[in-house]
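*Asks:* Input: one structure, supplied below.
The values are calculated or read from the model by the stated rules, or taken from the named source; none is laboratory data. Everything numeric in this text was worked out from a predicted model, so none of it was measured. Cβ placement follows ideal geometry from the backbone for every residue including glycine, while neighbour counts extend to all protein chains displayed. Calculation scope for accessible area: heavy atoms of the full protein, side chains included, ligands and nucleic acids excluded. Shrake-Rupley method; radii C 1.70, N 1.55, O 1.52, S 1.80 Å.
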Amino acid sequence: MPLRKSVLQLPLLTSVFFSMIGGLLFAQNPTPKDSTVGPVYTKVEFMPTFPGGSEALKAFLAENVGYPKPALASGVEEKIEIQFVVDREGFVKNPRIIRGLNDTANQDALRVMRQMPQWNPGLNEDLPVAVEMSLNIPYRMSPIFKVVQNMPAFAEGQAAMLRFLDEHLKYPELARQNRTEGVVVVQFVVETDGLLSNLYIVKELGSGCDEEALRLVKSMPPWQPGVSFGNLVRVQFNLPIRFKIKE
């Protein structure tokens, strides 16, 4: 039976809300994920807590989060999910992005995690243990458009994008063996700096093609961002990636 991780919900900026899944009734077997912190649990009798409690954590985040500030009143709430380990001494270790926004916000969230003070470590049978947790940090971002006056475009144009896809696509061996051909559609947001964020598959093909399509799009250079009434805006874009075996 898979273990479910404890998640902290932390709306920030214009409104800050904190809730923690508290102490659990039993501990699950640890997983040796990182030799520097020892066995890592996902459920223990007493979960780690930020020193001073929820209000102190809210204050720390409100003071240290650097992007975006201030929150946009007309924006939409999006979340960065970070997974991390609170080790036996209460230090935050190994933060990594599980679900991100744009590169600037992602790096800022990781920076804040690395600056955190020691937590009160998790306890199992009165002994401190390393515990894996997740943290959801919502940001109020500018709206995402689907259609604008000047739609985003690959930096050097459509022909250059087709060449990029043709030259960099690595046909999955399983798909080649299965003679799998077709189209994978990747949806993403072109940010105002041209970077691509919020990538996910909206039309699957299987046999490793979906993963390769995501890898391919992630490797793209920055695009020309969308423009609406003279302003750079965030735009959602769907990109079909065609898989066809070359004989």
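*Asks:* Out of contact with any His (no Cβ under 7 Å at 6 or more places or on another chain), more than 24 Å from GLU78 (Cβ to Cβ) and open to solvent by 60 Å² or more (accessible area, probe 1.4 Å): is that true of ASP193 in this structure?
*Replies:* Answer is no for this residue.
*Asks:* A further question follows. One residue is enough: does segment 104-126 have a residue meeting the conditions among the small types (Gly, Ala, Ser), modelled with pLDDT under 95, within 24 Å of MET220 (Cα to Cα) and open to solvent by less than 60 Å² (accessible area, probe 1.4 Å)?
*Replies:* Yes - at least one qualifying residue is present in segment 104-126.
*Asks:* What number of residues within segment 94-115 satisfy the criterion of being out of contact with any Phe, Trp or Tyr (no Cβ under 7 Å at 6 or more places or on another chain) and in contact (Cβ under 8 Å) with a residue 40 or more places away in the chain?
*Replies:* So the count comes out to 7.
*Asks:* Still on this structure: How about segment 67-168: which strands (runs of 3 or more DSSP E) wholly inside it have at least 1 residues that are under 15 Å from the mean Cα position of the chain (by Cα) and farther than 30 Å from GLU45 by Cα?
*Replies:* Correct list: 76-86, 127-141.
*Asks:* Where the second residue is crowded, with 16+ Cβ neighbours inside 10 Å and not in a strand (DSSP E or B) and the first is in contact (Cβ under 8 Å) with a residue 24 or more places away in the chain and hydroxyl-bearing (Ser, Thr, Tyr) and lies in segment 171-184, which pairs have Cβ atoms under 9 Å and are six or more apart or on separate chains?
*Replies:* Cβ pairs passing all conditions: TYR171/GLY208; TYR171/CYS209; TYR171/GLU212; THR180/PRO172; THR180/LEU205; THR180/SER207; THR180/GLY208; THR180/CYS209.
*Asks:* Residue check, GLY182 against (1) modelled with pLDDT of 95 or more; (2) crowded, with 19+ Cβ neighbours inside 10 Å; (3) out of contact with any Pro (no Cβ under 7 Å at 6 or more places or on another chain), all met but one. Which one?
*Replies:* So GLY182 meets the others, but not (2).
*Asks:* If you don't mind, another one. Among the residues of segment 197-242, count how many are in contact (Cβ under 8 Å) with a residue 24 or more places away in the chain, hydrophobic (A, V, I, L, M, F, W, C), closer than 20 Å to ILE144 by Cα and open to solvent by 40 Å² or more (accessible area, probe 1.4 Å).
*Replies:* 4
*Asks:* If you don't mind, another one. Are any of the residues in segment 211-223 assigned to a loop (DSSP other than H, G, I, E, B) and either of a type in the set (A, V, I, L, M) or touching a Pro at 6+ places or on another chain (Cβ under 7 Å) (or both)?
*Replies:* yes
*Asks:* Another one. Kindly provide the set of residues from segment 155-176 that are open to solvent by 40 Å² or more (accessible area, probe 1.4 Å), touching a Ser or Thr at 6+ places or on another chain (Cβ under 8 Å) and over 26 Å from ASN102 (Cα atoms), ordered by number.
*Replies:* Matches in segment 155-176: LEU174 only.
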